[in-house]
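In what follows, a single structure is set out as structure tokens and then discussed.
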Amino acid sequence: MIADRHPLEPDDPETTPVIRPFLLTGGRTRPAREGLRIETLIQARTLIPQGIRFEARRIATLCQRPTSVAEISAAVGVPIGVARILVADLVEDGVVTAVEPGTLSVSLIERIRDRVREL
Amino acid sequence: MSVNSDQLIDLVSVKIVISGGFGVGKTTFVGAISEVEPLFTEADMTDASEGVDDRRNVPGKVSTTVALDFGRISLDESLRLYLFGTPGQDRYAFLWDDLVEGALGAVILLDTARVEDCFPAIDYFEDHDIPFLVAVNLFDDVPRFDLGEIREALGVRDDIPVIDCDARDRQSVKQVLVCLLENVLARALAGQNQEVRL
């Protein structure tokens, strides 16, 4: 996405081009819903609906299995912020659902520790 | 609730943040234990910044993006752990809120040749009351220091573990994560078994 910007050039707001990734979001820089963390798992609610295209279709396809916002970002090739907006739209449209974060109980921490130890 | 939320009820994803100075071995650390090759993406400041990037004295919405790498470990069929490396320079600390929200805890990797590089991370996690430890990455070509001396140089609290690690070695990385999780657990137990929101 930013490959055409020389990595050593300082960002100059006067010369830096419009953020092209946000063209995918119709220029919006805020998601339609808050609370999507980078590790939040997204899962499709249905088979891929007819009529959705491009990035939305890619996301709906990826999320046939639970996939995190960060993984969606990496797979679709858009920054995290753009992925959040696209995912939030799909949640609003009922195409995918976001797994709500659970409660970090002592038993869950113990379970995580034990599983890591077993790796 | 969504139509098929029942099947999702037990699915949990958690994250640990891997921090430290530029080139300290964060990607190596993540790669040593991730079940997939570390993934790369970009985080853009537009969705995290409120114009706080004072160093360059420019308004908030500019097209600064930073590289972010991460790994994944499926701990069991319904529990997934993600490891996220923070961008390597403290000028991006404004982004961390967005990356760190809800984290179980943080590993700060330290290179004894550049101890001061990890100060911004220590300050950040102390200020935000996020459990963390300092893992001294054992590079081959740098002098070894006594962990007590390093602790003293860092000025961290007694309850913050300072341990050795080899970011290339899966077992070593695993030990670091277990140590962090023990610390997270101790804090949770000290909180009188109160449940904390993720």
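The values are calculated or read from the model by the stated rules, or taken from the named source; none is laboratory data. This one's a predicted model, so the numbers in the text were calculated from it and none came from an experiment. Cβ atoms come from the backbone with ideal geometry, glycine included; neighbour counts cover every protein chain shown.
Filtered by the rule that a residue be touching a residue at least 40 places away in the same chain (Cβ under 8 Å) and under 17 Å from the mean Cα position of the chain (by Cα), region B:140-169 gives B:C165, B:A167, B:R168.
For A:A56, indicate whether it is part of a helix (DSSP H, G or I), out of contact with any Lys or Arg (no Cβ under 7 Å at 6 or more places or on another chain), aliphatic (A, V, I, L, M) and more than 7 Å from chain B (Cβ to nearest Cβ). Walk me through how you get there before you give the answer.
Details: part of a helix (DSSP H, G or I): yes; out of contact with any Lys or Arg (no Cβ under 7 Å at 6 or more places or on another chain): yes; aliphatic (A, V, I, L, M): yes; more than 7 Å from chain B (Cβ to nearest Cβ): yes.
Taking the combined requirement at face value, the residue satisfies it.
Test A:I52 against the criterion of being surrounded by 21 or more Cβ atoms within 10 Å (Cβ to Cβ), touching an Asp or Glu at 6+ places or on another chain (Cβ under 9 Å) and at pLDDT below 95, and give yes or no. Judged against the criteria, A:I52 is not a match.
Just to be sure, is A:I109 over 15 Å from B:A43 (Cα atoms) and touching a helix residue (DSSP H, G or I) at 6+ places or on another chain (Cβ under 7 Å)? When the stated conditions are applied, A:I109 passes them. Give me a count of the residues in region B:10-27 that are more than 9 Å from chain A (Cβ to nearest Cβ) and either at pLDDT 95 or above or under 23 Å from A:P66 (Cβ atoms) (or both). Total meeting the criteria: 3.
Looking only at region A:64-76, which residues are facing chain B (nearest Cβ under 8 Å) and out of contact with any helix residue (DSSP H, G or I) (no Cβ under 8 Å at 6 or more places or on another chain)? Answer for region A:64-76, where residues must be facing chain B (nearest Cβ under 8 Å) and out of contact with any helix residue (DSSP H, G or I) (no Cβ under 8 Å at 6 or more places or on another chain): A:S68, A:A74.
Among the residues of this structure, B:S78 counts as one that is at pLDDT below 95 and more than 9 Å from chain A (Cβ to nearest Cβ). For A:E71, indicate whether it is under 12 Å from A:I42 (Cα atoms), at pLDDT 95 or above and not β-branched (V, I, T). Yes, satisfied. Of the residues that make up region A:70-87, is at least one over 13 Å from the mean Cα position of the chain (by Cα), β-branched (V, I, T) and not in a helix (DSSP H, G or I)? For region A:70-87, residues over 13 Å from the mean Cα position of the chain (by Cα), β-branched (V, I, T) and not in a helix (DSSP H, G or I): absent. Scanning region A:28-61 for residues that are over 12 Å from the mean Cα position of the chain (by Cα) and of a type in the set (A, V, I, L, M, F, W, C) yields a count of 6.
Could you tell me which residue of region B:56-75 is farthest from B:S19 (Cα to Cα), considering only residues that are charged (D, E, K, R) and at pLDDT below 95? Only one residue tops the list, namely B:K61.
Taking region A:77-97 as the range and being surrounded by fewer than 22 Cβ atoms within 10 Å (Cβ to Cβ), under 20 Å from B:A43 (Cα atoms) and at the interface with chain B (Cβ under 9 Å from one of its Cβ atoms) as the test, only A:G77 passes.
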